[in-house]
Amino acid sequence: MIADLHVHTRLSSDSNVAPEQYLEFAKRSGRGLGAICFTEHRLFPSDHQVGRLYAELAEQFQIAIFKGIEADTDLGHLLLFGVTDEVMRRFDLTARMLKSDSLIEVLHHEGGVAIPAHPFRDSGYGSRLDALLSRHGAALGTIEVLNGQNSIEENRRAQDAALKLGLTAVGGSDAHFATAKWFMTIATEFEREVRTVEQLCAEIRAGRARPYVFPGSD
């Protein structure tokens, strides 16, 4: 199953794309996208209206939709999946410079995953991965090694780090626009079908995921 783990809509301040525009683009492409994760900057929409919209769009386009968030931390950006009420009670996810150590540990305890996004692009995660792993072990088991908006060198360094440190490698488009330059470029391939956020987190934590490059992507 192919899932894009890193997509922004107009709920992020730097995008004006409606979620259905991504889904329409994916369907037109015929490239077999099975799921899309909306990871807004410092926003985890929890209202019922958004939930209903995502459910309706998933049914209409037959593409699973998962909610995540791109959190702003003291070391850079973290993609968070499996955000629970407990996580939201303990952290203001709309804030900047969240303490990544605490956030990684609490989310892991709740069954979720925290993934350093583009760790070698304007981020402290790249240089701190060894230290983070020595403190957190399995709680930090995954990094984004292919990002559709990274340079080749930034992606290469992330791939090298994942291999060296034994981390599960995933990929995402980091799309802010529903165009060929931004979307349907990079994603993550899962060994099994994932139909809930809980299944998504379980598969990533089990290491049954790997980066995927769409055929024909530059």
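Miscellaneous remarks
- Count of residues meeting criterion [open to solvent by 20 Å² or more (accessible area, probe 1.4 Å) and within 20 Å of A158 (Cβ to Cβ)] in the stretch 95-122: 3
- Meets criteria (in contact with a Pro (Cβ under 7 Å, 6 or more places away or on another chain) and open to solvent by less than 50 Å² (accessible area, probe 1.4 Å)) for A169: yes
- Tallying residues that are under 15 Å from the mean Cα position of the chain (by Cα) and within 16 Å of L146 (Cβ to Cβ) within the stretch 183-218 yields 13.
- Only listed residue being among the aromatic types (F, W, Y), under 26 Å from S15 (Cα atoms) and open to solvent by 50 Å² or more (accessible area, probe 1.4 Å), chosen from F183, F214, F177: F177
- 2 or more residues over 24 Å from R28 (Cα atoms), touching a residue at least 60 places away in the same chain (Cβ under 8 Å) and in contact with a strand residue (DSSP E or B) (Cβ under 8 Å, 6 or more places away or on another chain): qualifying strands (runs of 3 or more DSSP E) within the stretch 103-214: 113-116, 142-147
The values are calculated or read from the model by the stated rules, or taken from the named source; none is laboratory data. These numbers come from a predicted model, not from an experiment. Here Cβ is always computed from backbone atoms with ideal geometry, including for glycine, and neighbour counts include all displayed protein chains. These area figures cover heavy atoms from the full protein model, side chains too; ligands, DNA and RNA do not enter into them. Shrake-Rupley method; radii C 1.70, N 1.55, O 1.52, S 1.80 Å.
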